[in-house]
1. For residues that are among the β-branched types (Val, Ile, Thr) and more than 24 Å from the chain's Cα centre (by Cα), scanning just region 166-193, find the one that is surrounded by the most Cβ atoms within 10 Å (Cβ to Cβ).
2. Going through region 135-160 one residue at a time, which ones are open to solvent by 50 Å² or more (accessible area, probe 1.4 Å) and over 17 Å from residue 111 (Cβ atoms)?
3. Would you please name the residue that is most open to solvent (accessible area, probe 1.4 Å), looking only at residues in region 10-40 that are closer than 20 Å to residue 63 by Cβ and assigned to a strand (DSSP E or B)?
4. If the requirement is being touching a residue at least 40 places away in the same chain (Cβ under 8 Å) and open to solvent by 70 Å² or more (accessible area, probe 1.4 Å), which of these qualifies: 197, 163, 109, 95?
5. Residues 116, 89, 103: which one is more than 23 Å from residue 56 (Cα to Cα) and touching a strand residue (DSSP E or B) at 6+ places or on another chain (Cβ under 8 Å)?
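The values are calculated or read from the model by the stated rules, or taken from the named source; none is laboratory data. Keep in mind that what you see is a predicted model, and the values were worked out from it rather than measured. Ideal geometry is used to build each Cβ from the backbone, glycine not excepted, and the neighbour counts take in all protein chains shown. Protein only, heavy atoms only, side chains kept; ligands, DNA and RNA dropped before computing areas. Shrake-Rupley method; radii C 1.70, N 1.55, O 1.52, S 1.80 Å.
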Amino acid sequence: VSWQGTLALGSWIPQWAVASPGVPLEAVSSLLAGWVGQPLLPESLSGTAVFDLTISGPFTDLTVAGPVALSPVCLGPIEADALEGEINLSQGALRFSHGKLALGSGTIRFSGELDLKQASPGLRLDYAGRSLPLSRFARWAGLKFPLEGTGAVTGVLSGSLDRPELDAQLKFEGVSVVGLPLGQGEAHATLQHQVLRVEPLTLGGVSGSL
């Protein structure tokens, strides 16, 4: 990690630049926690981080901003090929912009923020993705049967880090299960009070719910 810049005497206001060509995400998590006084990233989040950040403003309200990229990135059993975006940490909020999550041939783009003024940081992320491999999601869910096809999604992730809430519209193309072609489909998924519901779910001309 390279660190350079100035610290104005008297006002004690820093103007620093911090960059790294690749360090464990745990190092970035420790830096962010030290700057804001509380952990920001889940302990199960891991990967190798590349970043080029600026740090400015009074120590009572530091602004940390710049591009960050992770490759690969894992959150528990969920793994992605790469994650990148711009962050801005200031005035009690961590904002994300131009976010992009790469999953095989597909991409999810997102933007939003964490409200750090709450005991459990409030969460708001808007996202949209396409060409997402269903086989990857099946592996995350621990499904033991072959699932092929691609999906598209638009939605919102809200609530808090402790109790996230999800609202998502899903569309499917070229779906096959254990070699049985089912074609196109769509679904509406919600996560509330730690309960995931998928209803209605339409696939291959058949409707149902999960």
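1. 175
2. 137, 139, 140, 141, 143, 144, 145, 146, 148, 150
3. 15
4. 163
5. That would be 103, the only listed residue that is more than 23 Å from residue 56 (Cα to Cα) and touching a strand residue (DSSP E or B) at 6+ places or on another chain (Cβ under 8 Å).
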